[in-house]
Each structure stands twice: as C-alpha cells, then as structure tokens.
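Asker: The structure under discussion is supplied below as structure tokens; questions concerning it will follow.
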Amino acid sequence: DTGVSQDPRHKITKRGQNVTFRCDPISEHNRLYWYRQTLGQGPEFLTYFQNEAQLEKSRLLSDRFSAERPKGSFSTLEIQRTEQGDSAMYLCASNGGTGYEQYFGPGTRLTVT
Amino acid sequence: GDSVTQMEGPVTLSEEAFLTINCTYTATGYPSLFWYVQYPGEGLQLLLKATKADDKGSNKGFEATYRKETTSFHLEKGSVQVSDSAVYFCALGSSGGSYIPTFGRGTSLIVHP
C-alpha cells in the first residue's frame, strides 16, 4: 500500500489560467475527499465521492471548481479561470468501510500570480 | 452543526516538557474523535483516535481521552522532543452518517532544544 498520492506537488500559474490536479487514493478506499487549506487554517471541505458518485459539494465552492472520479479510482480537481484567492494547498484524502479516519496525500500547493 | 475548538498557538516548550493541547467539540450524537499532525509542507497524518466515550487513543507517546461529559479530547504528551514540532489538528467524524469530518483550526507546537 503506497498511500494517497497527489500530482503535481507544486503548481504556479497565471491568473485566468485553468489548472487540474490529480489524486490517487488508497486502492481499497471507496471514499475520496478534496480539501483546501490556507496558512494557519484547518482543512476546508470542498467535495467528496463515494466510488464514482459525487455525494456532497461545499456550498462555498465556486462554479469554477469541478471534480471528477470517473471510474471510482483516481480523481481530478479542476479550477477554471484561476484567481489569486485560489492560492492554497489542495489536499486529497481517502477512507473506506465504516470508519471516519482520513488518510491524506501530501497536497498540491497552488500559487496564482 | 458540528464544530471543533482548539487552543490557539503557538505553543512553545523546551525539550522534555509536558504538553497539553486543549480541544472541545460540539456535535449531535456520538462522533469519533481524532488528532492529526501536519509537518511543514506535508499533508495531515492520523496521530490517534477514539471512537466512544472514555476511550483513550494513544500513539508515539501522545494520548487523548474522549470525555463526553466535558465534550473534550485534549492531547497530552509527557516529554516532548524537537521532532514533535508541527501543527496539530483536532477533528470529529460526522455523527450524522455523511462521512464529512470537521477539523479545528490547528495548534502549532514549537519545541526548543
């Protein structure tokens, strides 16, 4: 078991560009989560999937954000028309069964210039 | 809704000092409780958990006891090391069946030699 992986680890982009991040969860986990974390804050929930179904999405999430998990394995998070306020660490986590503990990836740090 | 309140940091200690980081929560039902640790530039790692009242979670010398009567889950360690310097997050798993956890804002711990 290699844990949760995320790619890329760092992304610098210009305002207005689109970016896409990938997350590969622990293979037997059916739930996958995306969070955003800014300096000095805890993870802020964005969305989560159970298998390929997107079950919940934060009401605070802009329409510029979209996530997919097409085959119930890896997931992608796309941000369209990036803004400077999108600069943050984007974390992916997974879990499975009846437990609530989360297993996090190393994160993707996005900087929008 | 569910919420988690942690003591504000940074907490600054000398090596071998006793550590307490306070955490209290508000939730309906009986959620599982967690402590996560985050080292600079990394994702969160599960440190310990407790799933019901009076349970004690422990790992790597850290302990926390699920106190339903005071709705608390304080993190303790008898003798901290420089390598314990990190940000610690208290979290609760949803008791409503949605599998979306709630995180505190984190407490930074700095341990000096």
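Values quoted throughout were computed directly from the atomic coordinates according to the rules given, and no laboratory measurement underlies them. Quantities reported herein were computed from a predicted structural model and do not represent experimental measurements. We place every Cβ from the backbone using ideal geometry, glycine too, and count neighbours over all the protein chains shown.
Asker: Please list, short to long, the whole-number percent of alpha-carbon pairs of the protein assembly as shown in consecutive 5 angstrom bins beginning at zero.
Answerer: Once binned at 5 Å, the Cα pair distances of the protein assembly as shown give 1, 7, 15, 18, 18, 16, 12, 7, 4, 1, 0.
Asker: In this model, which of A:57/B:60; A:14/B:60; A:14/A:57; A:57/B:52; A:71/B:77 are farther than 32 Å apart at the alpha-carbon?
Answerer: Where the Cα-Cα span goes over 32 Å, the pairs concerned are A:57/B:60; A:14/B:60; A:71/B:77.
Asker: Can you list residues whose amide H is under 5 Å from residue B:100's amide H, if they're 5+ apart or on another chain and H is modeled 1.01 Å from N?
Answerer: Result for residue B:100 returns B:94.
Asker: Excluding same-chain residues fewer than 8 positions from residue A:11, which aspartates and glutamates have a Cα within less than 17 Å of its Cα?
Answerer: A:78, A:83, A:86, B:42
Asker: Now a separate question. What does DSSP give for the protein assembly as shown in terms of the percent of beta bridges that are antiparallel, rounded to the nearest 5?
Answerer: That works out to approximately 90 percent antiparallel.
Asker: Using r as the Cβ-Cβ distance of residue B:110 and residue A:2, and R0 as 41 Å, what FRET efficiency do you calculate, to the nearest 0.05? Walk me through the numbers before you get to the answer.
Answerer: On the way: r = 31 Å, r/R0 = 0.77.
Step by step, r from the Cβ atoms, then E = 0.85.
Asker: While we're on this one: What is the P(r) of chain B, as percent of Cα-Cα pairs per 10 Å bin from 0?
Answerer: For chain B, the binned pair fractions read 15, 49, 29, 6, 0 percent.
Asker: When the Cα atoms of chain A are enclosed in a convex hull and the volume is divided per residue, what value in Å³ results?
Answerer: 98 Å³
Asker: Output the relative contact order of segment A:25-99, whole-number percent, from Cα pairs under 8 angstrom with separation of 6+ residues.
Answerer: So the answer I get is 40 percent.
Asker: Report the relative contact order of chain B, percent, no decimals, based on alpha-carbon pairs under 8 angstrom and at least 6 residues apart.
Answerer: Result for chain B is 36 percent.
Asker: So for segment A:65-108, averaging the separation of alpha carbon pairs under 8 Å that are six or more residues apart and normalising by length, what relative contact order in percent results? If you can, show how the numbers build up before the last one.
Answerer: Numbers: 38 pairs, mean separation 11.6, N = 44.
Taking the mean separation of contacting Cα pairs over the length of segment A:65-108, I get 26 percent.
Asker: Using only atoms on other chains, find how many Cβ atoms lie within 10 Å of each Cβ of peptide A:90-100 and report the average.
Answerer: If you average over the peptide's residues, the count of other-chain Cβ atoms is 3.
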